[in-house]
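Here the structure comes first, spelled out in C-alpha cells, and everything after it is commentary.
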Amino acid sequence: MKRIALLSDTHGYWDERYVRYMSECDEIWHAGDIGTMSVADSLERIAPLRAVCGNVDGGDLRYRFPLQLRWKCEELDIFMKHIGGYPGHYASGVDRQLMNRPPGMFISGHSHILRVMWDPTYHLLHVNPGAAGIQGWHQVRTLVRFTIDCAEVKDMEIVELH
C-alpha cells in the first residue's frame, strides 16, 4: 500500500504547505510545468518524486524528466503526460496510446482544471490535480492525495490551498 501526493502546474512556485500535506506520503507525482529545478529538488526532499516535464519546462527539467511516464505502482498501471486532455477529449496521440494499452490510471495536467473522472471507453481513472502554483487563471490552488492498495485507488482527497 502506498500513499501518493499528486500535483501539477507549480510554475516555479513553492508553498511551504506542500511539506505539511506531502510529508506522510510515500511518493510525490508531478504532472508537469514544474517551472524550476529548485521546486523539483524541494519536492524530492519530502519524498521520492516521479514527474514529467510540461510545456513551460525547459533546459535542465527537460533533461531530468521525460515527456511521459508509464510505470506500475503496487499493481496499478499508471500513465502520466502533461498535455493529455480528458475522457472524450484526449490530446493528439494520447487516445491511440490509451486504446493500444489502457492503463488503470491516466494522469495529466496543463489545463489547471481539477478533474477526477472515470473513462468508460478505456476503463480507467483519469486524474488532473488542477494547479498548485499561483500562475494561471485558476481561482483555487489544488493538489490530490490518495492511497494505492494493490490495483485499487482509495481514500482520494482534494487539498485546496487558499
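Would you check if Val56 is β-branched (Val, Ile, Thr), open to solvent by less than 10 Å² (accessible area, probe 1.4 Å), over 12 Å from the mean Cα position of the chain (by Cα) and within 14 Å of Asp9 (Cα to Cα)?
Details: β-branched (Val, Ile, Thr): yes; open to solvent by less than 10 Å² (accessible area, probe 1.4 Å): no; over 12 Å from the mean Cα position of the chain (by Cα): yes; within 14 Å of Asp9 (Cα to Cα): yes.
It is false that Val56 is β-branched (Val, Ile, Thr), open to solvent by less than 10 Å² (accessible area, probe 1.4 Å), over 12 Å from the mean Cα position of the chain (by Cα) and within 14 Å of Asp9 (Cα to Cα).
If you check Gly84 against the conditions, is it modelled with pLDDT of 95 or more, within 14 Å of Gly32 (Cα to Cα) and in contact with a helix residue (DSSP H, G or I) (Cβ under 7 Å, 6 or more places away or on another chain)? Please lay out each step first, then the result.
Values: modelled with pLDDT of 95 or more: yes; within 14 Å of Gly32 (Cα to Cα): yes; in contact with a helix residue (DSSP H, G or I) (Cβ under 7 Å, 6 or more places away or on another chain): yes.
Here the answer is yes, as Gly84 does meet what is asked.
Take the stretch 1-39 and flag every residue that is surrounded by fewer than 18 Cβ atoms within 10 Å (Cβ to Cβ), polar (S, T, N, Q) and part of a loop (DSSP other than H, G, I, E, B).
Within the stretch 1-39, Ser23, Thr36 qualify.
If you check every pair at least six apart or on different chains, which have Cβ atoms under 7 Å apart with a residue in the stretch 141-154 that is over 13 Å from Leu6 (Cβ atoms) and in contact (Cβ under 8 Å) with a residue 40 or more places away in the chain first and a residue that is open to solvent by less than 60 Å² (accessible area, probe 1.4 Å) and assigned to a strand (DSSP E or B) second?
Arg141/Leu161; Ala151/Leu76
Quick one: how many residues across the stretch 135-162 are of a type in the set (S, T, N, Q), within 18 Å of Gly32 (Cβ to Cβ) and assigned to a strand (DSSP E or B)? I'd like the intermediate steps shown before the answer.
Here is the first cut: in the stretch 135-162, the ones of a type in the set (S, T, N, Q) are 135, 139, 142, 147.
With within 18 Å of Gly32 (Cβ to Cβ) added as a condition, the list becomes 135, 142.
Okay, now just the ones that are also assigned to a strand (DSSP E or B), so 142.
Matching residues across the stretch 135-162 total 1.
Looking at Ala132 and the list (1) under 17 Å from Cys25 (Cβ atoms); (2) not in a loop (DSSP other than H, G, I, E, B), which single condition is not satisfied?
If we test Ala132 against (1) under 17 Å from Cys25 (Cβ atoms); (2) not in a loop (DSSP other than H, G, I, E, B), just (2) comes out false.
Given the structure, is Asp60 part of a loop (DSSP other than H, G, I, E, B) and farther than 17 Å from Leu125 by Cβ? Don't jump to the end; show me each part of the working.
Values: part of a loop (DSSP other than H, G, I, E, B): no; farther than 17 Å from Leu125 by Cβ: yes.
No; evaluated as a whole, the condition is false for this residue.
The values are calculated or read from the model by the stated rules, or taken from the named source; none is laboratory data. Bear in mind the structure is a predicted one, so any value in this text is a computation, not a measurement. Ideal geometry is used to build each Cβ from the backbone, glycine not excepted, and the neighbour counts take in all protein chains shown. To get the accessible areas, we keep the full protein, side chains included, count just its heavy atoms, and leave off ligands, DNA and RNA. Shrake-Rupley method; radii C 1.70, N 1.55, O 1.52, S 1.80 Å.
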